[in-house]
Structures are given as C-alpha cells and as structure tokens.
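Notes to accompany the following structure.
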Amino acid sequence: MNILKINDVELAYDSFGNENDEAIILISGLGTQMIRWTDSFCRILAARGFRVIRFDNRDVGCSMHFSHYPTLDFNALATALMSGQRPDIPYTLDDMSKDAIGLLDALSIDRAHFVGRSMGGMIAQIVASEYPERVLSLTSIMSSTGNPALPQTSPEVMVMMTKPAPNPFEDEAGFLAHKLSFAKCIAGTGYPFDEDAQRALILEEVQRDYDPGSVGRQIAAMAVAGDRRPRLATIKVPVLVIHGVDDPLIDPACGEDTASAIPGAELMLVEGMGHDLPHQLYKVIADGIERTARRN
C-alpha cells in the first residue's frame, strides 16, 4: 500500500499488473475500503492486460479522515435540503471525483478506465462527465443517477444500514453480528452467502481503520449530489451499467435509469445478484469491464 497527498488529502492506494498497461481505476462504495475490490478480482483484471489501481476514498480506510467535523445531524440535513438550502458538509462527491483525477495526476496517467460500485459508481459518473479527456471508459455498478423519481431504499434496509454498530474493540461478536446481518440483507439470492469470507473482510477493514462517523459524512455527500442525468447525457466514452436484479439497497430501476441517461450505454442486469459482488460473478463482471474497455 502507498500514500499520496492529493488536493490536501492523503489517499491510500495499491496497484496490480504492469505499470505500462492501460489503467483501470476502481472506486469503492459508501463507507467501504478498497479491499472490497478483492485481490483475486484485481488479479483477474490485471491478467487481461490492465494496470489495476484501487484506493481508499477520503474518509475511509488508510486515507485521510474528516473526523474533526462535528457529528452530522441528519434531521437538519434533510430539513435544509427540503427547503432548498445548501447544508454545510465536509465534502461532496465532486470533491471525491477530484481525488480520483488527482490520483491520475500523481501517478502520471493521462487517461484511464473508471469502474465504480454503488457510491463509487456515482463518483465515476461525475469523473466521466466532468473530465472527459481523462476517461477511456466507464463501468457503473449497482449505482444510480440521483433522479428523485426513482424508487427509494426501503425504510427497513435504511435502518439496518444507519443503525450504529457496537464498538468492535469492546464487543467484537456484536459488531460482527451487526455487520454480517446487513451483508446478508443486501446479498442476492442467486449465490450462497459466504459468511466466513465476509467475516474475514469485515475484520480486515477494522484492522486497517475504524471510524464509524465516516459513513454519515459520505451519506451527506450523496444527499447533496442532486440529479446527475444532465451530466450523464454529455458522456461520450463507452459505458457499461451493471446492476443486480435482486438489489434491495439500490433498486434495479436505478441502473436502468443510469443506462437510459447515458447515450449508447450498455445495460447488464444480472440475475441473482444483490448489492454485492460474489466471487462467482468475478469473471462475468471482468468480462463486461474488459469488453467495454476494448470498445474505446
């Protein structure tokens, strides 16, 4: 793992494959670390002739955190948004997209293929629309457009996602039970839930860093992002939109809306896939990313 200072933010990243190959930048989702893009998935892409770079978004993992900001009041955030006011938040998705571009600059990479999952898909969409000269292709996975008319996450799933977990250093068993329950809730029905692998991943994330407030700060960045469809309509690079048919967190209609908003985008709906990437789908997802990259 390496650390670079970009836009006054320290970002942690690592890389797979030949440095002379075209780069794929993998952007993680809400509150999750770069290791959610597993080593085995990264190696599959690298074996196809790409330099694969994953990084911790600001405020998670080994990148710089914004824990010096006061705890966000979500009721006040919602009230401000409904009244048309701009709430005061630590950073936006646009700031996070600048981090991704800054990573390219720091690594002397002119252009790259961008792949984002969930919130990372939103960031990748902004990169592709605002920095077209830096993007070779875009793959948006289990993400959305910000269209307010789209189906919203059910209250039950939102409660599970935002309910505070026990402190893992005081109650590891309770913390694991909480995290595994949510992981099972958002997993698809088409593939067995690998509890051992999930447990190991959760514990590895805790060992790298633990900051329970970062999820709220990133939710705030998503909440103020607005409707990206006008931006998406300007994207001209090859685009693939991947979405699980069983996704209970971000409805498949959100993936369909993303593909509809981007001219020429390919939509790949995956049966049995939820809001996760089971290892049984690594090849299918890698095939799609590679196919889209070769369209350039």
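The values are calculated or read from the model by the stated rules, or taken from the named source; none is laboratory data. None of the values given here were measured: they were computed from a predicted structure. With ideal geometry, Cβ positions are generated from the backbone for all residues, glycine too; neighbour counts draw on all protein chains shown. The accessibility values were calculated without ligands, DNA or RNA, using every heavy atom of the protein model including side chains. Shrake-Rupley method; radii C 1.70, N 1.55, O 1.52, S 1.80 Å.
A few remarks follow.
- Percent of Cα-Cα distances greater than 18 Å, calculated over the stretch 250-296: 37
- Within the stretch 147-176, GluC sites (Glu not before Pro) in DSSP loop having at most 16 other beta-carbon neighbours inside 10 Å: GLU170
- Residues considered: LEU107, LEU281, LEU136. Largest GNM mean-square fluctuation over the chain, using C-alpha springs under 10 Å, is found at LEU107.
- Cα-based values for the chain, radius of gyration first and Dmax second, are 17.9, 51 Å.
- Sequence-distant contacts, meaning Cα pairs under 8 Å at least 6 residues apart, place the relative contact order of the stretch 165-296 at 27 percent.
- Shape class for the stretch 134-252, computed from the alpha carbon gyration tensor (a ≥ b ≥ c): prolate, with a/c not under 1.5 and a/b above b/c.
- Vicinal HN-Hα couplings computed from phi for the stretch 242-248 (Karplus, 6.51 cos²θ - 1.76 cosθ + 1.60; Hz; Gly/Pro x): 10, 8, x, 5, 9, 5, x
- Rh (Kirkwood; distinct C-alpha pairs) - the stretch 147-202, Å: 12.8
- Per residue, the chain exposes 44 Å² of solvent-accessible protein surface, assessed with a 1.4 angstrom probe and all protein chains in place.
- Measuring against 29 Å, Cα to Cα, the residue pairs LYS5/LYS184; LYS5/LYS283; LYS184/LYS283; LYS5/LYS179 contain LYS5/LYS184; LYS5/LYS283; LYS5/LYS179 as the ones spanning a longer distance.
- Solvent-accessible area of the chain (1.4 angstrom probe, protein heavy atoms only): carbon and sulfur portion equals 50 percent.
- Distant-in-sequence amide contacts of LEU249, defined by a placed amide H-H separation under 5 Å and a gap of 5 or more residues or a different chain, comprise HIS275.
- Whole-Å semi-axes of the stretch 196-253's equivalent ellipsoid (Cα gyration tensor): 29, 18, 13
- The stretch 240-274 and the stretch 65-115 have Cα centres lying 24 Å from one another.
- Three principal axis extents of the stretch 1-134 based on alpha-carbon atoms, in descending order, are 49, 28, 25 Å.
- MET268 long-range amide H proximity, modeled H, under 5 Å: VAL241, ILE242, HIS243
- Stokes-Einstein D for the stretch 183-280, Kirkwood Rh over Cα pairs, 25 °C, 0.890 mPa s (µm²/s): 157
- The 3J(HN,Hα) values that the Karplus relation (6.51, -1.76, 1.60; θ = phi - 60°) gives for the stretch 43-51 are, in residue order, 5, 4, 5, 4, 5, 8, x, 10, 8 Hz. Gly and Pro appear as x.
- Within the listed set ASN147, ASN75, ASN20, the Gaussian network model of the chain (springs between alpha-carbon atoms below 10 Å) gives the highest mean-square fluctuation for ASN75.
- Kirkwood Rh and Cα Rg combined as Rg/Rh, the stretch 71-189: 1.03
- Max mean-square fluctuation residue, GNM over the chain, Cα-Cα springs under 10 Å, options THR139, THR189, THR162: THR162
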